[in-house]
Structure formats: structure tokens, C-alpha cells
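Read the structure below first, then the notes.
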Amino acid sequence: MTTLPEVGLVRSDELPEVLAAVDYDHAPYAGGTELVPAMGLGLRRPAAIVDLKRVEALKRIDVDAEAGAVTIGAAVTHRRLSDHPAARAHLPTLAAAASRVGNARVRSTGTVGGNLCFAEPRSDLGCVLLALGATAEVRSGLGVRTLGIDELIVGAFETSLEPDEILTTVTLPFERPGMSYWKLQSHERPTLGVALVVTEDRWEITVGAATERPTRIALAAGDTAGLDAFVDGLELSDDMTGPPDYKRSVLRTHLERTLGAAR
Ligand SMILES: Cc1cc2nc3c(=O)[nH]c(=O)nc-3n(C[C@H](O)[C@H](O)[C@H](O)COP(=O)(O)OP(=O)(O)OC[C@H]3O[C@@H](n4cnc5c(N)ncnc54)[C@H](O)[C@@H]3O)c2cc1C
């Protein structure tokens, strides 16, 4: 049995107090589904954890109908996202992906922010959020930055966050017609995820889970040579979910079928 080391706990309802507390030794903590096991294994050893779940601003889902955008707080759980009427209405592919994350325990405690900031490659949300054109708001006590998902997640288990920064929200334009997300999953996390936005003249393809971080390309519809080059050039992981050749073959078949049908 894993024993957790002794650790302090910082709790506040106020975002400025939370921001003042976070640093290299004081790790932000939301659902704990990744952080707690990592601490149990000795991979993370913060002196204290800083609870984000009491800050109301981090738990909101807001719709700006005029701008056609939804803003999701970093401490929103997968379950709240998938059940939220605004998410279901304006971001149906994201809501459906959130409803299929992990298991019931992970969905009811794990959060959007924890998923992105842990940057585990075998994830659904980063892929779908990149495909949707989400931007991430990142804050420290000193200021605020806005990043694309590809600027936030920079590698496997690696983000561009400074130790004193937290992700506060992600903002997304309403989903466009022609979007879909499909995943291959035989273990508890996805093996391969593919988000598509297909229109008459454009194919936007985002691949996740099998890559170090979600990877996106936009092609003219019908550009099969470009599609082949993209699939051939992807660096796919070699892990317990299968070798790269297997993942490439599944990806190619899925894209040929889906885009062939759309053409
Ligand atoms: C069994 C299992 C199955 C899973 N299956 C899937 C799946 O199918 N698809 C999928 O996409 N994901 C899956 N996941 C991942 C899951 O989505 C994440 O574990 C969860 O969202 C993490 O959120 P959390 O709030 O628990 O993060 P925590 O564990 O609280 O934090 C994770 C990390 O992020 C940091 N952090 C948290 N919030 C912030 C913030 N706002 N700003 C800065 N840093 C922050 C913490 O310091 C920590 O380093 C699975 C996880 C498990 C355990």
C-alpha cells in the first residue's frame, strides 16, 4: 500500500490568495486524480498543496452569446462539463468526450485544468480543445497570459506554466458544423484520439493520445498526398497500448474512411 507523505494544505475562496500561495513547493491541486498518486509514488514532493476547488471563479461555465464563446473554469469537473446545458448545446463534441473520460470516479473529481496541466499524452481533452481553437488563461500574482493549447502543452507531461502560475480558464468558440471526435481505447486511458472538422473545402485534423502532445494540421479537402505525409510524419508512441505501426495503421484507416465518406 502506498503511504502519502505529510503535506500541508492551503485553502482559500479567494483567487488572489491562491495565486499568492502557489510556487514550486506549493502545488495547485484540484481533483487530485493525478497529483495524489504521483505524490504517493514520490514523483512529486510539494511541501503543501493549494486547493483550487473553493474558488468560485474557477468552477464557472459562462456563455458569451454575442461573441459565440464559452469560458470553462479550470476546476470544472469532467462530469459537470459533460452535463452542462451550455456545453451540450454549443460544444457537443467536447461534452461527449468529457462524458467518456476514464471512469465515474475520475469524471466526478478530475478537472479540465488538471487534465491539461498534467499533460499526460494519453488524454482526450487536449486534442478536442486544440481542434476547437481554445485559448487558455494563465495567471500568477504578477499578471495574466493567454496561450493556445499548443503553447500550453509543450511535451509529454510538460507545460509552459511557470511554478507560480495556474491555469484559470479555457475559452472556446462555439463548435463549428462538421466536427467529430473518435477514439480508440482498450485500457483505462485512450490509445489514439482523432478530432476532425470537415467542411466542403477544408480538412482540419487533430491527433492526440498516441502523440507526445496533440498535433493539428489543416489541409485543402481532397489533399490525400498531404494527408499521407501528415500520417507518415507523426511520431507515435511505443507503449503498453501498442507499437507505432499499429497506431499509424488504425489512424490511416479511420481517416481514409471518415474523410472518404465526407468527400
Ligand atoms: C484511471 C484514470 C483514467 C483516465 N482516463 C482518461 C481518459 O479516458 N481521457 C482523458 O482525457 N483523461 C483521462 N484521465 C486523466 C484525467 O482526466 C485526469 O486525471 C484529471 O482530469 C486530472 O484532473 P485533477 O483535477 O484530478 O488534477 P490533479 O491531480 O489535481 O492535478 C494534476 C496536475 O495538474 C496540476 N494542476 C491542477 N490544476 C491546475 C491548474 N488549474 N493550474 C495549474 N496546475 C494545475 C497539479 O499541480 C498536478 O500537477 C484518466 C485518469 C485516471 C486516473
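Treat the count of other C-beta atoms within 10 Å as a stand-in for reagent exposure and order Met240, Met39 from fewest to most.
Ranked by crowding around the Cβ, least crowded first: Met240, Met39.
Take peptides 77-88, 219-230 and line them up by average Cβ neighbours within 10 Å, highest first, as a rough protection proxy.
77-88, 219-230
For region 179-262, take every pair of Cα atoms, bin their distances at 10 Å starting from 0, and report each bin as a whole percent.
18, 56, 23, 3
Let me know the charge dipole size of region 166-263 about its Cα centre in debye, to the nearest 20, where only the beta-carbon of Lys, Arg (+1) and Asp, Glu (-1) is charged. Intermediate results must be reported in sequence, preceding the final value.
On the way: 11 positive and 14 negative charges, 51 e Å.
Its charge dipole is roughly 240 debye.
Quick one: order Lys183, Lys53 by neighbouring beta-carbon count within 10 Å, fewest to most.
Least crowded to most crowded, the residues run Lys53, Lys183.
If the chain were replaced by its equivalent ellipsoid, with semi-axes equal to the square roots of 5 times the Cα gyration tensor eigenvalues, what would those be, largest first, whole Å?
32, 21, 16
For region 111-193, just say rounded, prolate or oblate: build the C-alpha gyration tensor, square-root its eigenvalues into a ≥ b ≥ c, call rounded for a/c under 1.5, and beyond that prolate if a/b exceeds b/c, oblate if not.
Because a/c hits 1.5 or more and a/b fails to exceed b/c, region 111-193 counts as oblate.
With unit charges on the beta carbon (Lys/Arg positive, Asp/Glu negative), name the residue among Ala38, Leu184, Ser160 whose Cα is farthest towards the positive pole of the charge dipole of the chain.
Value computed over the given set: Leu184.
Below 8 Å, C-alpha to C-alpha, sequence gap of six or more: please give me the relative contact order for the chain in percent.
Computed over the chain, the figure is 15 percent.
Starting from 0.36 nm per residue, how many nanometres of slack lie between Phe118 and Arg100 once their C-alpha separation is accounted for? Intermediate values should be presented prior to the final figure.
On the way: separation 18, 0.36 × 18 = 6.48 nm, distance 1.85 nm.
Length gained between Phe118 and Arg100: 4.6 nm.
With Kirkwood's inverse mean 1/r over C-alpha pairs for Rh, give me the Rg to Rh ratio of region 56-173, two decimals please.
Radius of gyration relative to Kirkwood radius: 0.93.
Go through region 79-84 residue by residue and turn each phi into a ³J(HN,Hα) via Karplus (6.51, -1.76, 1.60, θ = phi - 60°); whole Hz please, and just put x for glycine and proline.
Here the 3J(HN,Hα) series is 5, 5, 5, 5, 8, 6 Hz.
Suppose we keep just the DSSP beta bridges with both residues in region 1-51; what percent of those would be antiparallel, to 5?
Taking every DSSP beta bridge within region 1-51, about 10 percent pair in antiparallel fashion.
Net charge around Val197, counting only other residues with Cβ within less than 9 Å of its Cβ (Lys, Arg = +1; Asp, Glu = -1)?
Values: positive: Arg176, Arg202; negative: Glu175, Glu204.
The answer is 0.
Suppose only helical runs count, i.e. DSSP H with n ≥ 4. What mean residue ellipticity at 222 nm does that imply for the chain under -39500 (n - 2.57) per run, divided by all residues and rounded to the nearest 500 deg cm²/dmol?
That calculation yields -9000 deg cm²/dmol at 222 nm.
Identify the GluC sites (Glu not before Pro) of region 152-213 meeting these criteria: DSSP loop state and at most 11 other C-beta atoms within 10 Å of the C-beta.
For GluC sites (Glu not before Pro) across region 152-213 that sit outside H, G, I, E and B with at most 11 neighbouring Cβ atoms in 10 Å, the list reads Glu188, Glu200.
Please figure out what share of the DSSP beta bridges in the chain is antiparallel and state it in percent, rounded to the nearest 5.
On the way: 43 of 51 bridges.
Roughly 85 percent of the DSSP beta bridges within the chain come out antiparallel.
Tell me, Asp238, Asp232 in order of fewest to most beta-carbon neighbours within 10 Å?
Lowest to highest Cβ neighbour count: Asp232, Asp238.
Over region 8-51, calculate the relative contact order: mean separation of alpha carbon pairs under 8 Å at least 6 apart, over the residue count, as a percent.
57 percent
Values quoted throughout were computed directly from the atomic coordinates according to the rules given, and no laboratory measurement underlies them. Keep in mind that this is a model prediction, so the values were computed, not measured. Methodologically, a virtual Cβ is constructed for each residue, glycine included, from the backbone with ideal geometry; neighbour enumeration extends over all protein chains shown.
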